[in-house]
Amino acid sequence: PLGYVLGPDDELVVDIFGNASYTYKLKVSPEGTVKVENLAPIQISGLTIEQAQARIIARLRQAYAGLNRPGGGVTAQVSLGNIRSIRVTLTGELVQPGTYTIPSLATVFNALYLAGGPNENGSFRTIHIRRGNRVVRTVDLYDFLLRADQKDNILLHDGDVIHVPDFLAHVEVDGEVRRPMLYEVKQGETLRDVITFAGGFTDRAYTATLSLARNTPRERRIANVTPDELATMAPQSGDKLTVGEILK
């Protein structure tokens with residue numbers, strides 16, 4: 001990707017063609033530099049490939065006059081060869097928490113997949129990515145699972161920590177919906193959002209009223225919910241929403 005940040009153990013391939021022809025394979029040292037023949041070391045750690053290319057070509061002009069200039073006759077191109085490995089730690093409510101060694105092009109979803117994903121107590125909706133003891137992104141997996149939105153699927157850096165906390169609240173949806181199962185809800189969402197998570201009603205759904213079973217401090221309470229109430233009623237953990245079938 002364009003924003004890939006170079007680091008120690010990455011390898012860059014510099015192809016020179018035109019009036020001169022040569023290929024350099026440059027490995028980034030632990031100090032973050034690359035060395036080209038008799039030229040001074042070039043500091044590129046922390047730069048993107050585009051930034052590193054500009055810096056390398058500027059240094060190569062000491063050996064190749066007119067490099068990458070109109071009428072110079074010599075052109076250079078910098079690309080990424082081998083990539084380094086990084087270590088990330090996954091903590092919290094995961095199937096297999098631990099520290100994993102992964103390629104530097106791995107993303108949050110790759111790491112979560114390696115760890116088996118959230119367990120039965122884990123949250124799918126508030127996964128924290130910590131970098132330097134600071135939360136840099138909070139991931140909601142429902143955006144990807146329901147809408148294929150990968151905005152939170154960021155590239156990981158060496159030393160990142162992915163923390164999966166306990167789930168916020170679970171609501172069960174049963175009956176005539178397309179995906180009857182257990183869903184996690186966040187503050188500010190309504191029962192209509194829960195129905196959306198479940199894929200909406202089937203063609204046989206009785207939508208005049210829905211049955212809601214809710215826990216109180218003393219008992220289980222059953223209530224009928226109208227379509228208008230779905231848009232305003234906030235779900236509570238332990239709720240069970242049942243959608244019946246239309247009369248035949």
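The values are calculated or read from the model by the stated rules, or taken from the named source; none is laboratory data. Bear in mind the structure is a predicted one, so any value in this text is a computation, not a measurement. Note that we place each Cβ from the backbone using ideal geometry, even for glycine, and neighbour counts take in every protein chain shown. With ligands, DNA and RNA removed, areas are computed over all heavy atoms of the protein, side chains included. Shrake-Rupley method; radii C 1.70, N 1.55, O 1.52, S 1.80 Å.
Results for (1) open to solvent by less than 60 Å² (accessible area, probe 1.4 Å); (2) modelled with pLDDT of 85 or more; (3) in a helix (DSSP H, G or I); (4) among the hydrophobic types (A, V, I, L, M, F, W, C), shown as yes or no for each residue.
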residue: 57; (1), (2), (3), (4): yes, yes, yes, yes
residue: 66; (1), (2), (3), (4): yes, no, no, no
residue: 69; (1), (2), (3), (4): no, no, no, no
residue: 72; (1), (2), (3), (4): yes, no, no, no
residue: 76; (1), (2), (3), (4): yes, yes, no, yes
residue: 79; (1), (2), (3), (4): yes, yes, no, no
residue: 86; (1), (2), (3), (4): yes, yes, no, yes
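Considering only residues of segment 101-157 that are without any contact (Cβ under 8 Å) to a residue 40 or more places away in the chain, in contact with a Ser or Thr (Cβ under 8 Å, 6 or more places away or on another chain) and of a type in the set (Ser, Thr, Tyr), which is least open to solvent (accessible area, probe 1.4 Å)? Only one residue fits best here, namely 138. Do we have any residue at all in segment 201-219 that's in a strand (DSSP E or B) and touching a His at 6+ places or on another chain (Cβ under 9 Å)? No, every residue in segment 201-219 fails to be in a strand (DSSP E or B) and touching a His at 6+ places or on another chain (Cβ under 9 Å). When residue 198 is tested against (1) at negative phi; (2) open to solvent by 20 Å² or more (accessible area, probe 1.4 Å); (3) out of contact with any helix residue (DSSP H, G or I) (no Cβ under 9 Å at 6 or more places or on another chain), just one condition goes unmet, and that condition is (2). Please name all residue pairs, on different chains or six or more residues apart, with Cβ atoms under 8 Å, provided the first residue is in segment 35-62 and is free of Cβ contacts under 8 Å to residues at least 24 places away in the same chain and the second residue is basic (Lys, Arg). Here the result reads 40/59; 41/35; 42/35; 42/55; 42/59; 43/55, each pair linking segment 35-62 to a residue that is basic (Lys, Arg).
Of all residues in segment 183-196, exactly one satisfies the criterion of being closer than 21 Å to residue 226 by Cα and in a strand (DSSP E or B), namely 183. Considering segment 6-31, the residues that are within 23 Å of residue 105 (Cα to Cα) and either buried (at least 17 other Cβ atoms within 10 Å of the Cβ) or among the aromatic types (Phe, Trp, Tyr) (or both) include one that is farthest from the chain's Cα centre (by Cα), namely 24.
Would you mind finding the one in 39, 12, 26 that is part of a loop (DSSP other than H, G, I, E, B) and aliphatic (A, V, I, L, M)? Let's see the steps before the verdict.
Working: 12 fails: part of a loop (DSSP other than H, G, I, E, B); 26 fails: part of a loop (DSSP other than H, G, I, E, B).
Matching residue, one of 39, 12, 26: 39.
If you go through segment 220-248 and keep only what is surrounded by 12 or more Cβ atoms within 10 Å (Cβ to Cβ) and not in a loop (DSSP other than H, G, I, E, B), you end up with 223, 225, 227, 229, 230, 240, 241, 242, 243, 244.
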